[in-house]
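For reference, the structure is listed below as structure tokens.
None of the figures in this text is laboratory data; all of them are computed from the coordinates on show. Source: prediction; values computed, not measured. Cβ placement follows ideal geometry from the backbone for every residue including glycine, while neighbour counts extend to all protein chains displayed.
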Amino acid sequence: MEKTKCLSCGEPVSGRIDKKFCSDYCRSTYNNRLNSQSNKIVRNINNKLKKNYRILKSINTDQKTKTTREKLIEKGFDFKYITNLYTTKNGRVYYFVYDQGYLPLEDDFYALVKRDK
Ligand SMILES: [Zn+2]
């Protein structure tokens, strides 16, 4: 019968069959590593969202304005990162990054809006 190997250091684990780590030290090392990886992912995405937010805010200085896809991309806007969608009664979809939103229009134009409240 093959012995279970520690998920952290790869050494054989003795004791209970469902044990995954050879020691508490290995367990916490493993978990810390996992946590720091997922923290990194969260941090990277948060940074993308913050950047998108800053860009929208810098263009949309009042309540609403119009811009182009080119201008957004030039400033580094990343269309993959939004926080929520808002669909109007007539089926138009606004993409929001926090309270700053955009609506794709024709010919690569975008309407920028700020949600009040
Ligand atoms: Zn170990």
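Couple of notes before you dig in:
- Modelled FRET efficiency - R0 25 Å, Thr88 with Phe109, Cβ distances, 0.05 increments: 0.90
- Helices in the chain, meaning DSSP H runs of at least 4 residues, each add -39500 (n - 2.57). Divided by all residues, the mean residue ellipticity at 222 nm is -12500 deg cm²/dmol.
- Using distinct alpha-carbon pairs, which all enter the 1/r mean, Kirkwood radius of the chain in Å: 17.7
- Candidate aspartates and glutamates for bridging to Lys71, where Cα separation is under 12 Å - those fewer than 8 sequence places away on the same chain excluded: Asp108
- In nm, spacing of pseudo-spin labels at Lys5 and Lys20 (7 Å Cα→C-beta vector): 1.6
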